[in-house]
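Before any comments, here is the structure.
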Amino acid sequence: AVPRTRILATGGASHNKKILQVLSDVFNAPVFTIDTANSACLGSAYRAIHGLVAERNVSLADVVKLAPEPRLAVTPTPGAEEVYRPLLKRYAELEQKVIYNPASSC
């Protein structure tokens, strides 16, 4: 995982601990959730506010300071990184192959 990586899961699937655990294990990062209805709309609203104050050099981080604090839902299962790290590497290699040479995709 990238140092200090964390995942923020929202929406209906964020209530399913098993899905969150898979995300956490695959990306070797803790998963946080927020209890907010219509989270996609909330994210769009924060981006809109950021756009309105952009001329004043206000960062998006400053705009979302008043957002609900995410709470930790799951952490990576010990040992999962050894399983998923090679798979993520292989996935990245295949993705690059398709992006840079789509005619010879796997």
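The values are calculated or read from the model by the stated rules, or taken from the named source; none is laboratory data. Keep in mind the model is a prediction, meaning the values are calculated, not measured. Positions of Cβ are backbone-derived with ideal geometry, glycine not excepted, and every protein chain shown enters the neighbour counts. The protein model used for the area step is the full one, side chains on, heavy atoms only, and it has no ligands, DNA or RNA in it. Shrake-Rupley method; radii C 1.70, N 1.55, O 1.52, S 1.80 Å.
Overview of results
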quantity: Any hit, the range 21-28, residues being outside any helix (DSSP H, G or I) and surrounded by 12 or more Cβ atoms within 10 Å (Cβ to Cβ); calculated: yes
quantity: Hits in the range 30-73 (condition: open to solvent by less than 40 Å² (accessible area, probe 1.4 Å), closer than 12 Å to residue 8 by Cβ and assigned to a helix (DSSP H, G or I)); calculated: 39, 43
quantity: Residue 100 hydroxyl-bearing (Ser, Thr, Tyr), out of contact with any helix residue (DSSP H, G or I) (no Cβ under 6 Å at 6 or more places or on another chain) and open to solvent by 60 Å² or more (accessible area, probe 1.4 Å); calculated: yes
quantity: All positions within the range 76-103 that are touching a Ser or Thr at 6+ places or on another chain (Cβ under 6 Å) and touching a residue at least 24 places away in the same chain (Cβ under 8 Å); calculated: 76
